[in-house]
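Down below is the structure, laid out as structure tokens.
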Amino acid sequence: MKTNNKMSLFLISFLLIVSILFSCIMQANSYTSVKASSNSDVEKIIYLTFDDGPSTNVTNKILDTLKQENVKATFFVVGYKIPGREDVLKRIYNEGHSIGLHTYTHVYKKVYASDADFINEMDKTCGEIKNVIGIEPKIIRFPSGSKSHLSKNLLENLHANNYKIYDWNLCLSDGIDYNTKSNKLYKEATRKCINPNKIFLLMHCDAKNKNTCESLESIIKYYKNLDYHFKTITSDTPEYYFRIKK
């Protein structure tokens with residue numbers, strides 16, 4: 001009789017342990033499933049952006065690659081480089097890419113002499129673009145980025161003129177060293193980003209950025225394989241800029 005009671009108690013304990021373990025496993029599986037589902041629902045966006053153009057050969061080669069890969073990008077152009085390269089600017093526009101302003105001279109002493117000078121640089125470039133393709137872009141990028149240049153007063157003045165600012169959270173060193181090898185540029189473009197779900201990738205398309213052309217196809221394919229959506233920056237894109245200086 002005592003033996004039967006012991007067996008019954010053992011069986012009940014065993015079933016209870018199995019039940020608890022099964023419940024834990026089911027909860028773990030349920031959590032993993034929900035977590036994976038919520039991650040897959042987050043849209044991963046990348047904005048390919050190119051500064052310092054238009055140039056003739058390099059910008060056209062970049063446009064060739066973008067067309068081949070069927071993705072769109074954003075070009076922040078320098079005003080003084082437009083005359084003589086109107087056909088490149090028209091191609092950027094006609095192929096569905098976005099165009100932004102990157103000042104007229106790109107000479108820091110002139111650009112950052114005062115808030116009024118800065119806005120005038122943007123206005124002048126906007127005018128050049130309007131003369132060529134009939135649009136007035138209002139998206140801008142500061143040479144070297146807005147950090148240490150953007151004040152509350154300048155921000156208010158820019159907004160009063162309907163300008164919106166776009167910095168970056170991932171960049172290539174092609175704007176600092178034109179000779180950076182294409183494999184290094186690829187590594188820079190695919191390293192960990194502070195916000196991997198919304199990447200603003202800074203690249204350059206000046207005449208000396210030949211290695212950027214060579215790395216671009218691989219960069220695009222990398223992000224395609226990770227199911228990123230390639231988008232252009234427009235006036236509807238939420239602003240993205242560095243901290244305002246005090």
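All of the numbers you see were taken from the coordinates with simple rules; none came from a lab. In this text the structure is predicted, and so the values were computed from the model without any measurement. Cβ placement follows ideal geometry from the backbone for every residue including glycine, while neighbour counts extend to all protein chains displayed.
Things to note:
Quick grid of which residues meet (1) within 23 Å of residue 144 (Cα to Cα); (2) surrounded by fewer than 15 Cβ atoms within 10 Å (Cβ to Cβ); (3) aliphatic (A, V, I, L, M); (4) out of contact with any strand residue (DSSP E or B) (no Cβ under 7 Å at 6 or more places or on another chain):
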residue: 65; (1), (2), (3), (4): no, no, no, yes
residue: 87; (1), (2), (3), (4): no, yes, no, yes
residue: 100; (1), (2), (3), (4): yes, no, no, no
residue: 103; (1), (2), (3), (4): yes, no, no, yes
residue: 116; (1), (2), (3), (4): yes, yes, yes, yes
residue: 120; (1), (2), (3), (4): yes, no, no, yes
residue: 129; (1), (2), (3), (4): yes, no, yes, no
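- Residue in region 174-186 that is of a type outside the set (Gly, Ala, Ser), under 25 Å from residue 139 (Cα atoms) and within 17 Å of the chain's Cα centre (by Cα) present: yes
- Qualifying residue in region 141-154 (condition: touching a residue at least 12 places away in the same chain (Cβ under 8 Å), outside any loop (DSSP other than H, G, I, E, B) and surrounded by fewer than 18 Cβ atoms within 10 Å (Cβ to Cβ)): yes
- Failed criterion for residue 91 (all others in (1) over 20 Å from the mean Cα position of the chain (by Cα); (2) crowded, with 19+ Cβ neighbours inside 10 Å; (3) charged (D, E, K, R) hold): (2)
- Residue within region 225-238 that is touching a residue at least 60 places away in the same chain (Cβ under 8 Å), part of a helix (DSSP H, G or I), among the charged types (D, E, K, R) and surrounded by 14 or more Cβ atoms within 10 Å (Cβ to Cβ) present: no
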